[in-house]
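Chemist: Can you keep this structure in mind? I'll have questions shortly.
What follows is calculated from the coordinates using simple rules that are stated; it is not laboratory data. Not measured: the values here are computed from a predicted model. Note: ideal-geometry Cβ built from the backbone for every residue, glycine included; neighbour counts use all protein chains shown.
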Amino acid sequence: MTRGTTLLVLFALTVVGQALTPTTVLTTVDQARLKAVFENARPFTDLASAHYSILGLKLLGAQIPNTQDNCNFVKSAVDYKSPESLYYASAATKALGNCQLSNSNAQNTLQAAIKDGVDVPTLFFVVSALTNLGLPVNSNEVVNALTEALKTDDSILSGSMALHIAAQLSKETDVKVIFESIEDLVAQADEVGEKYLQFEGDLGLTSFFVVGAYRLAGKQNKAPLIMEDQSVKFANYLLSRKHVQSAKNAYDVVAGLSTLANNKYHIPVCITRESSMTVSSAQSKVQVRVSNVLSGALGKLTVKADSAERKEDGAVVLSNSALTAAAKDNTLYELDFLKTKAGRGFYTIEFSVAADKPDSRLIGLSGAQVEVKVVTTVNVEEVELSLEDKDQSTPPRVTKVQYPQKTAGNLAGDHHQNLVMRFLLKDTADNSAMEAHQAFVRLTNKRTKQEVIFVAEADDDHLYKFELDIGSSAKEHFNSLSGLYAMDLVVGDALIQNPFAWNVADLQLKFPEDSATAEEKPNLYQPREEIQHMFREPEKRPPATVSTTFTALVLLPVLILLGLWIKLGVNIANFPLSLSAIGFHIGLGSILVLYYLFFVQLNMFDTLKYLAILGTLTFLAGNRLLGSIANKRKQLLRSRLR
């Protein structure tokens, strides 16, 4: 028993330590933008868009413009033979107020739709339309039809529609099975990053389920089978989609969040930073807004900063500090963060909320985190410039500079010396030495405007030292360009309120080569000369005697062949005078001529192009010629056999 109690306590502490809170809120700016989305849906093109626009404006508490025009459109667009059309029209006219549909025509269609084999969506449209029109609903008949329909369709959408249907039936109707299905439906939701809960990434389906679950819970006067952290995760998902652009999606966001802001069981508490993230001596207060998901007030609350931890080293600078309520806004609370003597850095502040009058509906009361950064102003002190001989033959000439002034006159240095700069950065809040994320020394040639930038490094005591070997860096950094250079100290950091670029001094630098003969550093952004691609020139042809002799040797076998044909007495009369035979031999001859032209004139690409044409024609003609010869042989053989 003791062991079980211990485990239970540890589990409870773990849950508290991992308390989940909404990540954001639907601000008044967000609501104004969504209102514009609804208004921009006009002029309406279909009944569904009119339905979402009108109901969305009503949920936001905004005035619905051109009420009579909207009413006329709904009446003209409704199809009295379609339960779905009647659902959209009845919901829109109910939201408009002084707008009535023909109840007699609607009632006949809706009551006739409740029959054996009716599906869940049709039942949802029918029951919702009857309820909107104030017409009677036969609850027992609907429950029986719904039970049968769910046997063939147990999808999340059908289950969510069943919740809406059950919520509109009489209180005496037994809908226990449907109510208990809420737990099964939630188990099918997808959890993302331990912060969001959604159904298949579908905004409409997720919102529809949330509205139906809490609507039925309110009707049954029982808390829905949804855990508190699950409710917060549903809220986080809906809030993550608040930047939608269509009227339907905007309605889904507003409908779901309106349900989570106004129900009997779960109201997520949103704690969001209202002030700037930056905390400084000029603005030392951190303001947070504590509200429901629609930025609405939650009554009188006690808000505390449980802890504030510096990210850099984990140091806790405050604990259990109460916030002060703003005078004119009952959702705004303030904390003077600099009273804690918090130094510069990034901080995570964790808040908790308690209602002065206990309210069991409020969830997500602890664990909300807000990030701030404390910035400071920086001062430069103990600035020293010196030109030191490399051989240390003479003592260095040290020049002290007071920020933000500039040295009097120019400092002169050559390639036998080192330029050294030392300085301290001090936090003006506590006069402590500090390091900046960015500390550069910039040297700019006053004639060419070319810049050379070096990094200044700090030692363990936060003393910055910059040393430049003028001689060794001449060619690499300055292109050996002597002349007058402006020396600037550039300091910046996310935690520094006054980043600066300070012109410390002007330096006359002389490098090994004279500045008059030194080449200036080329401009990397000037257009380059166009590169002309050159093909390799063809090799020189052999002498004409060689090519002529080679040609004669190639043609010699042809002459021998013709001579032998004449001597043997070739029977040319047997040559078939058909188009295929003539074409085949002409093609072969053309290919041989093409090879000759390739040798003396054509390039490879032109030769391949012509060869493809000649080769195709020669192949077709030769194939037909061989076929005709084969047919003649067959006929000759048959005649001999006879």
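Chemist: Reachable aspartates and glutamates from Lys510, Cα under 20 Å, same-chain residues fewer than 8 places away excluded?
Modeler: Glu388, Asp389, Asp391, Asp414, Glu451, Glu467, Asp469, Glu476, Asp488, Glu519, Glu520
Chemist: How high is the relative contact order of segment 264-370, in percent, counting Cα pairs under 8 Å that sit 6 or more residues apart?
Modeler: On the way: 217 pairs, mean separation 34.6, N = 107.
Value for segment 264-370: 32 percent.
Chemist: Reported to two decimal places, what Rg/Rh ratio describes segment 283-354 when computed on Cα atoms with Rh from the Kirkwood expression?
Modeler: Working: Rg = 12.9 Å, Rh = 12.9 Å.
Rg divided by Rh gives 1.00.
Chemist: So what is Rg over Rh here for the chain, counting just Cα atoms and using Kirkwood for Rh? Please report the intermediate quantities before stating the final value.
Modeler: Working: Rg = 44.7 Å, Rh = 35.1 Å.
Here the Rg-to-Rh quotient is 1.27.
Chemist: Among Thr340, Ala315, Thr551, whose Cα sits farthest toward the positive end of the charge dipole of the chain (+1 at Cβ of Lys/Arg, -1 at Cβ of Asp/Glu, about the Cα centre)?
Modeler: It is Thr551, whose Cα lies furthest towards the positive end.
Chemist: Would you mind calculating the gained length between Ala354 and Arg541 on full extension (0.36 nm times residue separation, minus the Cα-Cα distance), in nm to one decimal?
Modeler: Numbers: separation 187, 0.36 × 187 = 67.32 nm, distance 9.98 nm.
Net length gain for the segment: 57.3 nm.
Chemist: Then there is this: Provide the packing ranking of 497-504, 81-88, i.e. peptides ordered by the mean count of other C-beta atoms within 10 Å per residue, highest first. Don't skip to the end; give the middle numbers.
Modeler: Values: 497-504: 15.2, 81-88: 21.5.
The densest-packed peptide leads the list: 81-88, 497-504.
Chemist: In whole angstrom, and with the biggest value first, how far do the Cα coordinates of segment 551-637 range along each principal axis?
Modeler: Extents along the principal axes: 49, 32, 16 Å.
Chemist: Now for a different question. Once you order the gyration tensor axes a ≥ b ≥ c over the Cα atoms, which shape class does segment 567-609 get: rounded for a/c under 1.5, otherwise prolate or oblate by comparing a/b with b/c?
Modeler: Oblate is the answer for segment 567-609, as a/c is 1.5 or above yet b/c matches or exceeds a/b.
Chemist: A further question on this structure: Under a point-charge model restricted to the Cβ atoms of Lys and Arg (+1) and Asp and Glu (-1), what is the dipole moment magnitude of segment 270-374 relative to its Cα centre, in debye to the nearest 20? Show your work: numbers first, answer last.
Modeler: Numbers: 14 positive and 12 negative charges, 37 e Å.
Once rounded to the nearest 20, the dipole reads 180 debye.
Chemist: Over the chain, what is the mean sequence separation of C-alpha contacts under 8 Å (at least six apart), divided by residue count, expressed as relative contact order in percent?
Modeler: On the way: 1029 pairs, mean separation 55.1, N = 642.
9 percent.
Chemist: Would you compute, from DSSP H runs of 4+ residues alone, the mean residue ellipticity of the chain at 222 nm, taking -39500 (n - 2.57) per run and dividing by the full residue count, rounded to the nearest 500?
Modeler: Values: 17 runs with 265 residues, N = 642.
That calculation yields -13500 deg cm²/dmol at 222 nm.
Chemist: Hey, any idea what Rg/Rh is for segment 26-265, computing Rh the Kirkwood way over Cα pairs? Kindly include the intermediate steps, with their values, before the conclusion.
Modeler: Details: Rg = 17.6 Å, Rh = 18.4 Å.
That ratio equals 0.96.
Chemist: No solvent, one uniform scatterer per C-alpha: report log10 I(q)/I(0) for segment 106-159 via the Debye equation at q = 0.18, 0.30 1/Å, two decimals.
Modeler: With no solvent term, the Cα-only Debye profile gives -0.53, -1.26.
Chemist: Based on the mean of other Cβ atoms within 10 Å per residue, sort peptides 540-551, 223-234, 152-163 so the most packed one is first. All intermediate terms of the calculation are to be shown ahead of the outcome.
Modeler: Working: 540-551: 10.0, 223-234: 20.8, 152-163: 19.3.
The most tightly packed comes first, giving 223-234, 152-163, 540-551.
Chemist: Between segment 59-83 and segment 316-363, what is the separation of their alpha carbon centroids in Å?
Modeler: 46
Chemist: Let me ask you something else. If you check each cysteine of the chain for another cysteine whose beta-carbon is under 4.7 Å away, which ones come up empty?
Modeler: So, Cys270.
Chemist: Sticking with this one: Viscosity 1.567 mPa s, temperature 4 °C: what is the translational diffusion coefficient of segment 380-510 from Stokes-Einstein with a Kirkwood Rh over Cα pairs, rounded to a whole number of µm²/s?
Modeler: On the way: Rh = 15.3 Å.
Roughly 85 µm²/s, to the nearest whole number.
Chemist: Let me ask something additional. Apply 1/(1 + (r/R0)^6) to the Cβ-Cβ distance of Arg361 and Gln220, taking R0 = 22 Å, and write down the FRET efficiency to the nearest 0.05.
Modeler: On the way: r = 16 Å, r/R0 = 0.75.
Computed FRET efficiency for Arg361 and Gln220 comes out at 0.85.
Chemist: May I ask for the percentage of alpha-carbon pairs in segment 212-276 that lie more than 17 Å from each other? List each step's numbers first, then the result.
Modeler: Working: 952 of 2080 pairs.
Cα-Cα pairs in segment 212-276 separated by more than 17 Å: 46 percent.
Chemist: Right, another one. Quick one: compute the contact order of segment 380-510, relative version, from alpha carbon pairs under 8 angstrom and 6+ residues apart, as a percent.
Modeler: Values: 291 pairs, mean separation 36.1, N = 131.
Relative contact order of segment 380-510: 28 percent.
Chemist: Rank by packing, highest mean first: peptides 277-289, 43-55, with packing defined as the count of other Cβ atoms within 10 Å averaged across residues.
Modeler: On the way: 277-289: 16.5, 43-55: 19.9.
Final packing ranking: 43-55, 277-289.
Chemist: State which helices in the chain qualify, where a helix is a whole DSSP H run, it must extend 24 Å or more along its own axis by its Cα atoms, and its mean Kyte-Doolittle hydropathy must be at least 0.5. All intermediate terms of the calculation are to be shown ahead of the outcome.
Modeler: Details: long enough: 203-220 (26 Å, 0.73); 544-568 (36 Å, 1.92); 579-600 (31 Å, 1.93); 604-641 (54 Å, 0.26).
Helices meeting the span and hydropathy rule in the chain are 203-220, 544-568, 579-600.
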